[in-house]
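Taking it in order: structure first as structure tokens, then the write-up.
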Amino acid sequence: MTFLSHMETALAEARAAGERREVPVGAVIARGGTMIAREGNRTRELRDPTAHAEILAIRSACASLGTERLAGCDLYVTLEPCAMCAGAIAAARIDRVYYGAGDPKSGGVVHGARVFEHPQAHHVPEVYEGIGEAESAGLLRQFFASRRG
């Protein structure tokens, strides 16, 4: 079986989010190589602090599949999920998480809360970091630099 990454699509969603003046984070959920959902951050647009790319992609994938669990699915996201998103990933039973840039400030997987390391974690996905890291980090740096400048 050949590995098919959907990180390029997640990066496209991140770029689109940045164009909407959202923090440029994008996410894709796939099963068996088939893309099920793709989303970018929409917290400002929806005036919803939970409208992170991962949460929106999980909601969309669950609706598409008609289920509350995403077993057999992979999540590709351009930034390390925060604690809220990591909790949703565990609740959705996503098999694998591939992420681009680490997030030392707000991450919830490798940094910060390390949600999947807690004994209370209902499900622990496989985690692969650094996929598309340079471009993911570059989009974020450029976005925040433009906001300061």
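The values are calculated or read from the model by the stated rules, or taken from the named source; none is laboratory data. Just so you know, these numbers come straight off a predicted model, no measurement behind them. All Cβ positions, even for glycine, are placed from backbone atoms using ideal geometry, and neighbour counts span all protein chains on display. With ligands, DNA and RNA removed, areas are computed over all heavy atoms of the protein, side chains included. Shrake-Rupley method; radii C 1.70, N 1.55, O 1.52, S 1.80 Å.
Key figures for this structure:
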{"quantity": "Hey, LEU70 under 17 Å from ALA14 (Cβ atoms), aliphatic (A, V, I, L, M) and open to solvent by less than 30 Å² (accessible area, probe 1.4 Å) or not", "calculated": "no"}
{"quantity": "GLU54 being among the acidic types (Asp, Glu), buried (at least 16 other Cβ atoms within 10 Å of the Cβ), at pLDDT 95 or above and more than 14 Å from the chain's Cα centre (by Cα)", "calculated": "no"}
{"quantity": "Search result, residues across region 49-72 that are among the hydrophobic types (A, V, I, L, M, F, W, C) and more than 15 Å from SER136 (Cα to Cα)", "calculated": "ALA51, ILE55, LEU56, ALA57, ILE58, ALA61, CYS62, ALA63, LEU65, LEU70, ALA71"}
{"quantity": "Tabulated pairs, region 107-133, first in contact (Cβ under 8 Å) with a residue 60 or more places away in the chain, second open to solvent by less than 60 Å² (accessible area, probe 1.4 Å) and part of a loop (DSSP other than H, G, I, E, B), C-beta under 7 angstrom, 6+ apart or interchain", "calculated": "ILE131/SER5"}
{"quantity": "Number of positions in region 29-43 that are open to solvent by 30 Å² or more (accessible area, probe 1.4 Å), under 18 Å from SER106 (Cβ atoms) and either assigned to a loop (DSSP other than H, G, I, E, B) or of a type in the set (D, E, K, R) (or both)", "calculated": "1"}
{"quantity": "Residue match in region 18-25 (condition: in contact with a Gly (Cβ under 6 Å, 6 or more places away or on another chain) and in a loop (DSSP other than H, G, I, E, B))", "calculated": "yes"}
{"quantity": "Residues of region 113-149 classified as open to solvent by less than 60 Å² (accessible area, probe 1.4 Å) and either of a type in the set (Val, Ile, Thr) or in a loop (DSSP other than H, G, I, E, B) (or both), total", "calculated": "9"}
{"quantity": "Condition met for ASP74 (among the charged types (D, E, K, R) and under 20 Å from GLU126 (Cβ atoms))", "calculated": "yes"}
{"quantity": "Residue that is open to solvent by 20 Å² or more (accessible area, probe 1.4 Å), of a type in the set (A, V, I, L, M, F, W, C), under 28 Å from PHE143 (Cα atoms) and touching a strand residue (DSSP E or B) at 6+ places or on another chain (Cβ under 7 Å), where the choices are LEU75, LEU79, LEU46", "calculated": "LEU79"}
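Yes/no matrix, rows are residues, columns are (1) assigned to a strand (DSSP E or B); (2) in contact with a Gly (Cβ under 9 Å, 6 or more places away or on another chain); (3) farther than 27 Å from GLU117 by Cα:
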position: ALA10; (1), (2), (3): no, yes, no
position: ALA27; (1), (2), (3): yes, yes, no
position: GLU45; (1), (2), (3): no, no, yes
position: ALA51; (1), (2), (3): no, no, no
position: ALA61; (1), (2), (3): no, no, no
position: GLU68; (1), (2), (3): no, no, no
position: ALA71; (1), (2), (3): no, no, no
position: ALA88; (1), (2), (3): no, no, no
